[in-house]
Amino acid sequence: MPKRERFKRVLLKLSGEALAGDAGFGIDTDVLESVAAEIKNVRDGGTEVAIVVGGGNIFRGVRGATEGMDRASADYMGMLATVLNCIALQDALERQNVHTRVQSAIEMRAIAEPYIRRKAVRHLEKGRVVIFGAGVGSPYFTTDTTAALRAMEMNCQVLLKATKVDGIYTDDPKKNAKATMFDEITYMDVLQKGLKVMDSTAISLCMDNRLPIIVFNLGEKNSLTKVVSGERMGTMVYAN
Ligand code: UDP
């Protein structure tokens, strides 16, 4: 099992929902500000931070498709939604004097750099927070899979999956009072038990490349700082 230690370089996956606050949709500026403050804290502590942002608070391709849209077109709308969140997060971070770069998998040079792996690595080395937008740039993927891919490309030690629950449970803790939380669990168990952590493409990618995942509650104060410094919290997914 991988050690819990102070990480030097992490990939933080922020779902769109994480930026939406209680409303469940759109962007909550107070939430954004506190997320940015946590990221700043971690960055100031010397950890390099790459971020993949979701778009579910604005648009999800699957939703469009169920309403009759062509799935690929709907997914492109979802990818554009992630870019809105990226710009909002960049703005929040820069207001707190954190240097950032947004890189987009779909070219839109007026607002973001195109995704160039080596350039992104260089930004991280220089202490900039790199925010990846537009997923992998292709429909039928998710930003969770993007997070797994970028984490590997950036040589991150861990994928930190920020959620609204404390970790991975045996069952939905909101519906089943007897559900218990795993401290650690293997990728295979996550897949076999059908636990809804990330989609199976994302989990498989992490499993094949032995990239540990830590699922934690971003809503808990200082949780990101604690996870990055190696404190035991949330659930770690690993190979065994
Ligand atoms: N999406 C896509 N390809 C990608 C990443 C995302 O087509 O590589 C689309 C897809 O429609 C998805 C939407 O963008 O539903 C928003 O991303 P996601 O649902 O992963 O966001 P989150 O749930 O993290 O907020």
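The values are calculated or read from the model by the stated rules, or taken from the named source; none is laboratory data. All values reported here derive from a predicted model rather than from experimental measurement. With ideal geometry, Cβ positions are generated from the backbone for all residues, glycine too; neighbour counts draw on all protein chains shown.
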Inset, instruction - Return the total of residues in the range 1-48 being within 16 Å of the ligand (Cβ to nearest atom), touching an Asp or Glu at 6+ places or on another chain (Cβ under 9 Å) and closer than 30 Å to ASN240 by Cβ. - result: 2
Inset, instruction - Considering only the range 205-221, state which residues are at pLDDT 95 or above and out of contact with any strand residue (DSSP E or B) (no Cβ under 9 Å at 6 or more places or on another chain). - result: LEU205, ASP208, ASN209
Inset, instruction - Just one of (1) at pLDDT 95 or above; (2) buried (at least 21 other Cβ atoms within 10 Å of the Cβ) trips up MET198, so point out which. - result: (1)
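Give GLU220, GLU231, GLU153 a once-over and let me know the one that is closer than 28 Å to ASN41 by Cα, without any contact (Cβ under 8 Å) to a residue 40 or more places away in the chain and not polar (S, T, N, Q).
Working: GLU220 fails: without any contact (Cβ under 8 Å) to a residue 40 or more places away in the chain; GLU231 fails: without any contact (Cβ under 8 Å) to a residue 40 or more places away in the chain.
Sole residue among the options that is closer than 28 Å to ASN41 by Cα, without any contact (Cβ under 8 Å) to a residue 40 or more places away in the chain and not polar (S, T, N, Q): GLU153.
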Legend entry - Some residue of the range 49-66 being among the charged types (D, E, K, R), away from the ligand (no atom under 12 Å from the Cβ) and either part of a loop (DSSP other than H, G, I, E, B) or closer than 29 Å to PHE7 by Cα (or both): no
Inset, instruction - For residues that are of a type in the set (Gly, Ala, Ser) and in contact with a strand residue (DSSP E or B) (Cβ under 6 Å, 6 or more places away or on another chain), scanning just the range 109-147, find the one that is nearest to ARG210 (Cα to Cα). - result: ALA147
